Amino acid sequence: MTTQANEWMTVAEACRYLRITRATLYRWSRRGVIRLHHLGPRSTRVSAEDIRKLSNSESGPDVWAAMSHDAFAKDWANAEDAVYDNWRELYGVQQG
């Protein structure tokens, strides 16, 4: 990605670059992970600089791990899915 500090990416471009879905990008926006800029009723852009910061190799792995853990906990931490709390035991997967 060759961009200037003031360049913008479309939602589709940002998703492709980060290898995430639109739903994930919008969820991250609601959580304050990344800021979306609404330029009109049907035009949303993401700062290329914000994308670079998010995908920075130094902070990237920790940021990605924390976000994936939060998403997993939110999606699976409920009474209906409690049966999966011991999935390692159910499927014979050893921790480590």
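No value in this document is a laboratory result; all are computed from the given coordinates. Keep in mind the model is a prediction, meaning the values are calculated, not measured. Here the Cβ is made from the backbone with ideal geometry for all residues, glycine too, and neighbour counts use every protein chain on show.
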For region 7-55, what number results from the quotient of the Cα radius of gyration and 2.2 N^0.38 Å?
-> 1.00
Starting with the highest mean, order 20-27, 37-44 by the number of other Cβ atoms within 10 Å, averaged over the residues of each peptide.
-> 20-27, 37-44
